[in-house]
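I have placed the structure first, in the form of structure tokens, so that the comments after it can refer back to it.
Values in this text are rule-based calculations from the coordinates and carry no lab data. What you see is a predicted model, and the numbers here were worked out from it, not measured in a lab. Cβ sites come from the backbone with ideal geometry, for glycine too, and all protein chains shown count toward neighbours.
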Ligand SMILES: [Zn+2]
């Protein structure tokens, strides 16, 4: 497929860490999805979108065990 952002044709299935906002925290969710290797645009299919929505719901309901892996700091 061609990237709709940069028209590049190097779009590959790769492992990424999607960042999901949870209050003032960010939760990294490992995913496998299509990413343009030229501009970095990510493409999510319907299944992946549903998967992410499910995770957001589980976070809201407090059903997920989360691990601290570091801090997110704001400069200034
Ligand atoms: Zn692109």
Item to check | Contour minus Cα-Cα distance for residue 6 and residue 29 (0.36 nm per residue) | outcome: 5.7 nm
Checklist outcome for this item: Expressed in nanometres to one decimal, the distance between label points 7 Å along Cα→Cβ at residue 22 and residue 52 is 1.6 nm
Checklist entry - With axes computed from alpha carbons, what is the tilt in degrees of helix 46-60 against the longest principal axis of the chain, rounded to the nearest 10 within 0 to 90? => result 10 degrees
Checklist entry - At what distance in angstrom do the alpha carbon centres of region 25-50 and region 53-75 lie from each other? => result 17 Å
Checklist entry - Rounded, prolate or oblate: which fits region 1-50 when a ≥ b ≥ c are the square roots of the eigenvalues of the alpha-carbon gyration tensor, with rounded for a/c under 1.5 and prolate only if a/b beats b/c? => result prolate
Item to check | Helical contribution to [θ] at 222 nm, DSSP H n ≥ 4, -39,500 (n - 2.57), averaged over the chain, rounded to 500 | outcome: -6500 deg cm²/dmol
Checklist outcome for this item: 1/(1 + (r/R0)^6) with r = Cβ-Cβ of residue 38 and residue 63, R0 = 30 Å, i.e. FRET efficiency to nearest 0.05, evaluates to 0.20
